[in-house]
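To start, the structure itself, in structure tokens.
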Amino acid sequence: MRTPLIAANWKMHKDLDGTTSFFKSFLPLAERAAHCEIVICPSFLDVESAVNATRGTRVRIGAQNLYWENEGAFTGEVSGPMIKASGCSHVIVGHSERRRYFGETNETVLKKTIAALDAGLTPIVCLGERQERNVETVLEEQFRCGIAGLSDERFAGIVIGYEPVWAIGDGETATPQVAADAHRLIRAHAKDRFGAEAANNVRIVYGGSVKPGNAKSLMAEPEIDGFLVGGASLDPVSFAALVNL
Ligand code: PGA
């Protein structure tokens, strides 16, 4: 049995006040959500207040990015050990916005994934095609040039995020069928490279316009092990609806 993971990707939203008021409303609403793991990824600046606000609760905090060196002259970057020391347990790696606007490639995604694992963080490694018709080729290439480079041991420590770029934000929503087919493809690549047991154990979460209105039917697909949620995670009531499914 794979425990569902519901992760919030706040992207470049919310300052300190917004973070504080989110947790004030969200935490009481999420108290009974014991069936899933909950991870919230605020901006780096709000990690500390998020960690403090969630101390003693089941909610975990993650970062949205990291650099693969531990320290050094890399202006503006933040390392895995720094993120770990700040109280985070997770980090998003290779989000499509980072690939698109900040030049991340399958190779840098692999380096970041390894750095995250070495720092004791759980990376949520994102894959996904820009155009629906390219799904098979893109997922094959992203898997082969990224995740497939991990050792068996490291692979056991990751979560995979399938996020079709065309469905992110205001895009169309992937139907449960389309999302589940893509998850099956990714799991088949995982099986080829890492074996049946490892493929069966890895969690693959779906991201792309997940909302309280479509989450139930997506989650009904046995292939979908949770969500990576952007827009609908900013509001405490709608994110609480997702963790309370
Ligand atoms: P969305 O974003 O839920 O707003 O589509 C998902 C993501 O980009 O992680």
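A few points about this structure:
- Test result for residue 184, basic (Lys, Arg) and within 16 Å of the ligand (Cβ to nearest atom): no
- Beta carbons closer than 8 Å, at least 6 apart along the sequence or on distinct chains, pair a first residue in segment 89-105 that is assigned to a strand (DSSP E or B) and open to solvent by less than 50 Å² (accessible area, probe 1.4 Å) with a second that is aliphatic (A, V, I, L, M) and within 11 Å of the ligand (Cβ to nearest atom) for 90/7; 90/124; 91/124; 92/7; 92/124; 92/228; 93/124.
- Comparison of 141, 172 shows that the only residue that is open to solvent by 40 Å² or more (accessible area, probe 1.4 Å) and part of a loop (DSSP other than H, G, I, E, B) is 172.
- Subset tally (residues that are exposed (fewer than 14 other Cβ atoms within 10 Å of the Cβ), of a type in the set (A, V, I, L, M, F, W, C) and modelled with pLDDT under 95) for segment 1-41: 2
- Of the residues making up segment 136-179, those that are among the charged types (D, E, K, R) and out of contact with any helix residue (DSSP H, G or I) (no Cβ under 8 Å at 6 or more places or on another chain) are 153, 170.
- Residue match in segment 199-218 (condition: at positive phi and within 14 Å of the ligand (Cβ to nearest atom)): yes
- Selection over segment 28-56 of residues that are within 20 Å of the chain's Cα centre (by Cα) and more than 14 Å from residue 233 (Cβ to Cβ) gives a count of 9.
- The helices (runs of 4 or more DSSP H) falling completely within segment 180-245 that include 1 or more residues that are open to solvent by less than 50 Å² (accessible area, probe 1.4 Å), among the small types (Gly, Ala, Ser) and farther than 23 Å from residue 135 by Cβ map to 236-243.
The values are calculated or read from the model by the stated rules, or taken from the named source; none is laboratory data. As the structure is a computational prediction, the values presented were derived from the model and not from experiment. Every residue, glycine as well, gets a Cβ built from its backbone with ideal geometry; the counts of neighbours run over all protein chains shown. Remember, those area values only see protein heavy atoms, side chains included, never the ligands or the DNA or RNA. Shrake-Rupley method; radii C 1.70, N 1.55, O 1.52, S 1.80 Å.
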